[in-house]
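Everything on this sheet refers to the single structure shown next.
The values are calculated or read from the model by the stated rules, or taken from the named source; none is laboratory data. Computed from a prediction, not measured in an experiment: that's the story for all the values here. With ideal geometry, Cβ positions are generated from the backbone for all residues, glycine too; neighbour counts draw on all protein chains shown.
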Amino acid sequence: MSGTAMPEPAAYDALPDGVVVAGADQRVTVMNPAAERLLRRTAEQSLGRPYTEVLALQDAEGRDWWACTRPFDGLTTRTRQPERMLQLPDGRHLLVTSSFIRDPADRSTVRALVVAFRDTRTRDRQERERAELISIMAHDLRSPLASVKGFTATLLRAWERFNDEQKKQMLETVNADADRMTRLIGDLLDVSRIDAGRLELRPQVVDLVDLVRKAVDGRSAAEDARDRSFHVVATESLPETWADPDKVAQILGNLLENAVRHGAGAVTVRIDPEPEGGGTVIRVADEGDGVPAGAEQRVFLKFWRAGTGRGTGLGLFIVKGLTEAHRGRVQVGSGPSGGAEFTVVLPTNTPDFI
Ligand SMILES: Nc1ncnc2c1ncn2[C@@H]1O[C@H](COP(=O)(O)OP(=O)(O)OP(=O)(O)O)[C@@H](O)[C@H]1O
Ligand SMILES: [Mg+2]
């Protein structure tokens, strides 16, 4: 929109927000399809009618919004109303903004009132998700914190009563629980960065086989993987790939942890060139029960987990977010031994792919 020129009415048709425009005579001149849907009345019924009738908005106290704000004869310096939550007579809520197009020669004259509005479903959903995130994280942080607090308090109170072996055991638990909390908080930060599209990647040429070997060595050395076997099968020549090595390590770490925690038997990682020359395919397979049929998409959602596992359900959401930040893709299917097989395709990328 340049100066005070109004866009053609058709320009509003594609907008997801409802738009109602009233001319200097305070009658409706434009009503787009989203407005018809949100106001549950047609443009035909509304064009030429007073805007106060078409958009009978009330504030939270039930007062007539237009009588309060007086767009056409209120303050002449005002050119817009910031976003407000208002309600329709039937009680539904809308987020409403309005702008007043004034005559450049005579600022006291409003040539048009443009009102844009949207329903609150998206915002309600985001708020629900945020509240859910907080409640799950608070719950998951509480149990390791309770253990740290419990053991520390016990040691401080009765230091003399325990022998060295017992003290060492308690400190080991405290240490492991502190690690768990650090990981949870790290996951939470990653989730919020993924949600906000603010993941920072530091791309460099990576040796994917080396990254896989390191991730496997790290995971297989852990206590809970003692009786599991790990195999890495790599093709000799892989295309040169630009990626953030820390993030790739995080993807692999999550998949290997899942294979140990939710899967069973041997864990095999295969690394091959993508057949169409588009990059590298990394497959992480185990010999467990696999993910439940029908849940192949849902496993990547925030908080999704089968049954009441010990995890928070963020690992695969993060794997997907990190992979997609590399313009790659991830999916799950059934591996050669019937267990879950996660396939990550990483494109070769260029130094400036982000
Ligand atoms: N290898 C696997 N075999 C069978 N089920 C799996 C496997 N990997 C993941 N799942 C299922 O997918 C769910 C989601 O995995 P995800 O990594 O997102 O969360 P989590 O491991 O439960 O918790 P977190 O990773 O946040 O600690 C798991 O709870 C599990 O039910
Ligand atoms: Mg996990």
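When region 293-315 is filtered for residues that are within 13 Å of ligand 2 (Cβ to nearest atom) and of a type in the set (Gly, Ala, Ser), the ones remaining, listed by number, are Ala306, Gly309, Gly311, Gly313, Gly315. Cβ-Cβ distances below 9 Å connect the following pairs, each with a first residue in region 86-97 that is within 13 Å of Leu55 (Cβ to Cβ), a second residue that is small (Gly, Ala, Ser) and part of a loop (DSSP other than H, G, I, E, B), and a separation of six or more residues or different chains: Leu86/Ala60; Gln87/Ala60; Gln87/Gly62; Leu88/Ala56; Pro89/Ala56. Say whether the condition of being over 18 Å from the mean Cα position of the chain (by Cα) and more than 16 Å from ligand 2 (Cβ to nearest atom) is met by at least one residue in region 284-292. Checked against the condition, which is being over 18 Å from the mean Cα position of the chain (by Cα) and more than 16 Å from ligand 2 (Cβ to nearest atom), region 284-292 yields at least one hit. Within region 258-282, the set of residues being surrounded by fewer than 18 Cβ atoms within 10 Å (Cβ to Cβ) and either within 16 Å of ligand 1 (Cβ to nearest atom) or at positive phi (or both) comprises Arg261, Ala264, Gly265, Ala266, Gly277. Restricting the first residue to region 279-291 and requiring it to be under 9 Å from Gly339 (Cβ atoms) and charged (D, E, K, R), which pairs with a second residue that is modelled with pLDDT of 95 or more and in a strand (DSSP E or B) meet a Cβ separation below 9 Å and a spacing of at least six or different chains? Matching pairs, first to second residue: Asp286/Val267; Asp286/Thr268; Asp286/Ala340; Asp286/Glu341; Glu287/Val267; Glu287/Thr268; Asp289/Ala340. Scoring Glu296 on the criteria (1) away from ligand 1 (no atom under 12 Å from the Cβ); (2) in a loop (DSSP other than H, G, I, E, B) leaves a single failure, condition (1).
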